[in-house]
Amino acid sequence: PDKLGNCNGLPVADRSVANIAVMNNDLDRIDRVAFDHNMEVDDIISEPARFGLTITDVTRYVNAVGVKRGLDYNRFKTGAAAVLLLYKPLEFGGQGRAAIAIGDPDSADHTAVLVPGTGNSVANGWLANNDDAANLYTETLAATGHSQGVSVLAWMGYDTPDAIVDPRVAQTTLARRGGAVLAADVNALTVTHRGPSHVTVIGHSYGS
């Protein structure tokens, strides 16, 4: 599942099933230990080695929590289905790579892809701590009038500069790398899409 869920060219619904399975595995690994020892999760992840866990297990868990919250929050805000298009919790030195789609991009007439800017990552909770995707979905739905025709992707798929004072803000390296993977992911939407589609990519700040 950890390979299939991130394969461009496979149907989005199938990718989501695989990615959610991996995400739930990452959550269960530590939740189970906390349950077995009757302890709080925070106590487990503060001393993972004591319980036979690793820093990698902790990183996967923390990022899985952020992604699950993003899925739940966007479902709650919009009343629409949310699918997990990308899930790589260890990417970018543990910052994570993930993308959540509100609605089904394989059938939507109108799809938007939101690309965040400096200081955002899966690890810092961008997928759950903003209303950008939900608001865009709601407003586009109001403009078009039919829920089956709209999808919005919250794409946290590249490594951003850590802060506005990060010297990489003034460099093109991360932007060029991010642009390449963004193009691949957006182009892949046309492979599995059924019928004509109108796709808009919106970049904020460094994401542009």
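The values are calculated or read from the model by the stated rules, or taken from the named source; none is laboratory data. Everything quoted here is computed from the prediction, not taken from an experiment. For neighbour counting, all protein chains shown are included, and Cβ atoms are generated from backbone atoms with ideal geometry for every residue, glycine included. Note: accessible area is taken over every heavy atom of the protein model, side chains too, but ligands, DNA and RNA are not part of it. Shrake-Rupley method; radii C 1.70, N 1.55, O 1.52, S 1.80 Å.
Return yes or no: is Ile30 in contact with a strand residue (DSSP E or B) (Cβ under 9 Å, 6 or more places away or on another chain), at pLDDT 95 or above and not acidic (Asp, Glu)? Give the derivation first.
Numbers: in contact with a strand residue (DSSP E or B) (Cβ under 9 Å, 6 or more places away or on another chain): no; at pLDDT 95 or above: yes; not acidic (Asp, Glu): yes.
So Ile30 does not fit the description; no.
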Flag for Ala108 being farther than 24 Å from Cys7 by Cβ, modelled with pLDDT of 90 or more and open to solvent by less than 60 Å² (accessible area, probe 1.4 Å): no
Cβ contacts < 7 Å: first residue in contact (Cβ under 8 Å) with a residue 24 or more places away in the chain and among the β-branched types (Val, Ile, Thr), restricted to the stretch 73-91; second residue assigned to a strand (DSSP E or B) and crowded, with 21+ Cβ neighbours inside 10 Å, any location; separation 6+ or different chain. Result? Thr78/Ile102; Val83/Ala101
Of all residues making up the stretch 45-58, the number that are open to solvent by 40 Å² or more (accessible area, probe 1.4 Å) and either assigned to a helix (DSSP H, G or I) or at negative phi (or both): 8
Only residues that are more than 23 Å from Asn129 (Cα to Cα), of a type in the set (D, E, K, R) and either touching a Cys at 6+ places or on another chain (Cβ under 6 Å) or touching a residue at least 12 places away in the same chain (Cβ under 8 Å) (or both): list them for the stretch 17-56, please. Arg29
Can Ala128 be described as closer than 18 Å to Asn19 by Cβ, surrounded by fewer than 20 Cβ atoms within 10 Å (Cβ to Cβ) and modelled with pLDDT under 95? yes
How about the stretch 65-84: which of its residues are part of a helix (DSSP H, G or I) and out of contact with any strand residue (DSSP E or B) (no Cβ under 7 Å at 6 or more places or on another chain)? Val65, Gly66, Lys68, Arg69, Asp72, Tyr73, Phe76, Lys77
By residue number, the members of the stretch 9-44 that are open to solvent by 70 Å² or more (accessible area, probe 1.4 Å) and closer than 19 Å to Ser107 by Cβ are Asp14, Val17
